[in-house]
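Since the structure comes first, as structure tokens, the remarks are kept for the end.
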Amino acid sequence: MQKQKKPGMNIFYKSLITIIGIALFLELFFPYLSQWIAGSENPLPVPGTLMFMYLVLAGIGTLVYVASDETKFQEFKEPLVEMLRGREQKEGPDDKTHNHVRMAILVAFPLLVGWYVFNQSSPSLSAPTSLRIQHPTIPQTYEKLKNPFREASVEELEQATLEGRVLYQKNCRPCHGTKAAGDGPMARAFRLKPANFTDPGTIATVVESYAFWRIKTGAPGLPREASPWDSAMPVWGDDLTDEEIWKIILAEYQTAGVDPRKPEKLE
Amino acid sequence: MNCLRRFRRNKALNFAVLIALCFLLILPVVAQSANAHPSRAGMLQEEAVADTSAVVGTDPLSEDYRTVWGMDSRVVVWIVAELHLMFGAFVLGVPLFAVILEVVAVKTGDLRYDKLAHEFTTLLSAAFATTAALGGLQAFVLIGLYPTFMKYLGGVFHQSFYIYALMFFGEAFALYLYYYSWERMKNHKGWHITLGVIMNIFGIMIMVIANSWASFMMSPSGVDPQSGNVLSHWEAFFNPLWNPLNIHRFLANITFGGVVAAAYAAVKFLGTDDPDEKAHYDWMGYVGNFVAIASLIFLPFAGYYLGREIYSFSSVMGNNMMGGAFSWTFIVQAILIGMLFIGANFYLWSGMQRIPGAERYQGYIKYINFVLLLCFAVWLTPHNLPLSPEEQIVMGGQYHPVLKYLGLMSAKNAAVNFIIISTFFSFLLYRRANKGELWKFSQQGNQAKIVLAAVAVICLGMLFWYAEFLFTLEPESMDLGEEKRQYFMFPAILLVVQMAVVVVGLFLTYKDRGELAQYICMGMTVFSGVFCLGVYGYVIMTQANAFLRNIAVSQFMMLLSCLIFVSAIDIFLFRKAKEIGGIAWGRMTTASQYILVLICVSTVLLIALMGFIRSGLREDWHVYGILRDTSASAFTPSMAYMGQVVGLIAIIFLGMISFVFWLGTGLGSKERKGAIS
């Protein structure tokens, strides 16, 4: 005798469970996973903007999957149509309960949306989320500058790096840390933490002249779109000579264990 | 005579001739005003008086900038240039695959391809006149609104202006001949195809000449950097970004032509109830989409090459592009490209429903979908996140300590490779959906063996060439120390492994295990190109950054060899395979047709956006580092402002092309129907 295949769960509910599952994973599990990976002291939640992007993507993905098959799409629409129109055959024993649940959802859903909109648009005391430019444009006066010590002899380069390390520890360590990991004793005092130079996405991605510009002109030298008010970087050009800054650059790359980006050659 | 009569009746083409003539008349005027090469000192002097001259505005000779009817000059040029580029992309892209389709028709004897090629050419002739008109308008607005800039550009390029106009004539005449001789030369297809090839040669010449002007503005060469005086016209023409731009635009034009034609077919499909017409437009949409995807697959690499060369020419422009003021536009770009790839996959999966036997492969779809979404999540994740102050405190800085890695180039390259290979896999499933019992490769004769071996040799040669290059690469050539040589070895070894995979794949196919060979080849490409090199990229970023571009090329080589070799196996594997049932053309879902339209709209937005980025990177320079833009509009637009203009351009273009198609085909067909009845 052929076994009767049990009717499975409607794909709409499967989709809903998938999206809720992804949301729960990102909200509850991922922060601890990140903490474990990064060796952080506290869980690291997924930022709100990313959470929004990931959930929208999950929603699109689910819809794409369902809509690519006409049968699945029809099945997917059933509960939605039923929710909006009510059951066509009102003969079942649980019809009354179903109708109550339906009405509750139809009332609750707009209220939830309204609450969300109110919550998002009502004034709050917290500072708004800022869109920050990571690598603002270097002024052209700095673009072609080269570290003079890179052209010098090996001995001179070593000597300059050594002097740079002293200068670094004296001037930069309080914020950027002994090992250039952005964790100096004063780092915790800032809302926007000092750059972690060991991160492959910071000084390793810029040419030395860029680092020279950032050190020499500090936060006030940043263009408006890079939100200079967020940075506490001093204008080191007031206290250090150009030569000293170049030496510090040699030292900070060496301390962080990364190489500066090389000006690339046209092919 | 009949041909001549039809030519006279076609108003669109007559209009094109008129516009072409007008265009030829404009160019000498530009060139004449450019004969006196302005010196840098002279220009600086003009810059100094630019503001006042614009206000006084009495002496037309001293005006650097003008406005028209109170409109912002930059926005006028921006819109007109983008519209011209889009129409240009269409009329340069469509002939390429119209000729290919004609060749396919001759080779296979399937007249549907011939009909389709003719229909594409019909669209072309209608759009050609508008392209020419917009080209003329662009020249007018540039001369009128930016006289000093045009004077300088004319001084550098005036010789190429004349050649450009002649090429334009060449293309126009070749197009007329190609289009109107379709019936007359139906028994001389070889000659007709030759005409098509000539038309394409003229088209490509037009594109590369215009590209040199645009790329010169970004990477000027052959001129004195101080005075701006021309030192070499040739060098100015062959400037550093010229070739990367050519490659990128060439591929983008094909994609664009494909998506516009597919959207046209989709609209026609949705608008008819006739089963034959539905079947025809379903098939046309499929072919258009196929052509678009085939070239789209290579576009990320061409874009990467162009981007790297922009960075190499100027780290200011490079930084601006990926990390600076334009970095958020690339998030928008990622969303649009995501829509293209997801849309393309959706279309293929929907199409499988009208193929008997496809249900065997339905199970794969959810996994492909999952991979695509995961890759897009990576692609969309920016390195520098918009964070609330509370989030910054919890994370201890501007970056999420784990997710920040997804924002770097290495992750993006890996994700793109995986997306492409997943889309390719969807296509393979589509192709084999209705295929039943295979014809064993070992029984296909020596010709099949030789051809497959030749393809394998090409792939091996390609991989060997780059592996050998990496093994012998001198670190000094990249300004890296000798100790960095060790970092070149890993990708080189992976390329050798990929060569071994090709050899094993060839052996397995010879032994009638072609499908296994395909899976091994694709699996190893994902393992090496996506996972191994994706992670290794982070090491390279910190230890030998200059080598990162070679990692990307290695990934591309692996992917390309995989696509070529697996496609070749697929062709032989499913050649003459028994069919479970024929494809039910015309029974496509309505949703899939809307997706074709969505893909078209996304592509139009994408082209408008990327055009803005490429041009905007120059910031306040007309010609980067040589001629400064001193007008009031020299600022970099905000995202919102850019979004409004780009959206407006997309709406105008879509409106115009719909109107042009209606004129060229819809209206015409009704007239014909009326005449017949």
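The values are calculated or read from the model by the stated rules, or taken from the named source; none is laboratory data. None of these values were measured; they are calculated from a predicted model. Note that each Cβ is placed from the backbone with ideal geometry, even for glycine, and that neighbours are counted across all protein chains shown. Accessible surface areas use protein heavy atoms only, side chains included; no ligands, DNA or RNA. Shrake-Rupley method; radii C 1.70, N 1.55, O 1.52, S 1.80 Å.
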Q) Ranked from the most accessible area to the least, with a 1.4 Å probe and all protein chains present, what is the order of B:Phe140, B:Phe87, B:Phe330? A) B:Phe140, B:Phe330, B:Phe87
Q: Mind grabbing the interface size between B and A? I mean buried accessible area, both sides, 1.4 Å probe, in Å² to the nearest hundred.
A: 6000 Å²
Q. Can you give the accessible area of A:Glu78 in Å² (nearest 10), computed on protein heavy atoms with a 1.4 Å probe?
A. 110 Å²
Q) Do the alpha carbons of any pairs in A:Lys170/A:Lys216; B:Lys186/B:Lys449; A:Lys144/A:Lys216; A:Lys72/B:Lys268; A:Lys77/B:Lys435 sit beyond 24 Å of each other, and which pairs? A) B:Lys186/B:Lys449; A:Lys72/B:Lys268; A:Lys77/B:Lys435
Q. How much length is gained if the chain between B:Val68 and B:Leu648 is pulled fully straight, taking 0.36 nm per residue apart and subtracting their Cα-Cα distance, in nm to one decimal?
A. 206.9 nm
**Q.** Among A:109-122, B:377-390, the order from most to least packed when residues are scored by Cβ within 10 Å on average
**A.** B:377-390, A:109-122
Q. In nm, to one decimal, how far is the modelled label at B:Lys186 from the one at B:Tyr364, with both set 7 Å along Cα→Cβ?
A. 3.9 nm
Q: Compare B:Val526, B:Val457, A:Val235 by solvent-accessible area with a 1.4 Å probe and give them largest first, with all protein chains kept in place.
A: B:Val457, A:Val235, B:Val526
Q. Could the peptides B:468-481, B:201-214 be put in order, highest first, of the mean number of other beta-carbon atoms found within 10 Å of their residues?
A. B:201-214, B:468-481
**Q.** With every protein chain in place, segment B:219-291: carbon and sulfur % of accessible area (1.4 Å)
**A.** 60 percent
Q) Normalised by the residues of chain B, what does the relative contact order come to in percent, with Cα pairs under 8 Å and at least six apart? A) 18 percent
**Q.** In order through segment B:489-496: 3J(HN,Hα) via Karplus (6.51 cos²θ - 1.76 cosθ + 1.60), integer Hz, x for Gly, Pro
**A.** 6, 4, x, 5, 5, 4, 5, 5
(Q) Please list, in order along segment A:111-122, the HN-Hα scalar couplings obtained from phi with the Karplus expression 6.51 cos²θ - 1.76 cosθ + 1.60 (θ = phi - 60°), rounded to whole Hz, x for Gly and Pro. (A) 5, 5, 4, x, 5, 4, 5, 4, 4, 6, 9, 6
Q: Taking amide H positions as placed in the peptide plane 1.01 Å from N, state which residues far from B:Lys435 in sequence (5 or more) or on other chains have amide H under 5 Å from it.
A: B:Ile580
Q) Taking only DSSP H segments of four or more residues, each worth -39500 (n - 2.57), what value at 222 nm results for the protein assembly as shown once the sum is divided by all its residues, to the nearest 500 deg cm²/dmol? A) -22500 deg cm²/dmol
Q) Using heavy-atom solvent-accessible surface (probe 1.4 Å) with all chains present, what is the largest-first order of B:Ile247, B:Ile331? A) B:Ile247, B:Ile331
**Q.** Those residues of segment A:61-85 for which accessible area with every protein chain present is at least 40 Å² below the isolated value (1.4 Å probe)
**A.** A:Val64, A:Tyr65, A:Ser68, A:Glu70
**Q.** Per-residue average of Cβ from other chains inside 10 Å of B:311-318
**A.** 6
Q) Excluding ligands, DNA and RNA, what is the solvent-accessible area per residue of the protein assembly as shown at a probe of 1.4 Å, expressed in Å²? A) 46 Å²
Q. Which value in nm describes the separation of the simple spin-label points at B:Phe527 and B:Ala294, placed 7 Å from the Cα toward the beta carbon?
A. 3.1 nm
Q: Averaging sequence separations of C-alpha pairs under 8 Å and six or more residues apart, then dividing by the length of segment B:421-570, give the relative contact order as a whole percent.
A: 32 percent
Q) Where a Cα-Cα gap under 20 Å defines reach, which aspartates and glutamates qualify for B:Lys576, not counting those fewer than 8 residues away within the same chain? A) B:Asp110, B:Glu437, B:Asp512, B:Glu515
Q: Enumerate the calculated ³J(HN,Hα) couplings along segment A:61-71 in order (Karplus 6.51 cos²θ - 1.76 cosθ + 1.60, θ = phi - 60°), each rounded to whole Hz, writing x wherever the residue is Gly or Pro.
A: x, 5, 5, 4, 4, 5, 6, 6, 10, 4, 5
**Q.** Spin-label pair B:Ile493/B:Val451, simplified geometry with 7 Å Cα→Cβ offset, distance in nm
**A.** 3.8 nm
**Q.** Contour minus Cα-Cα distance for B:Ser477 and B:Ile580 (0.36 nm per residue)
**A.** 31.3 nm
Q: Using the structure shown, select from B:Lys107/B:Lys412; A:Lys146/B:Lys151; A:Lys193/A:Lys262 the pairs with a Cα to Cα distance greater than 32 angstrom.
A: B:Lys107/B:Lys412; A:Lys146/B:Lys151
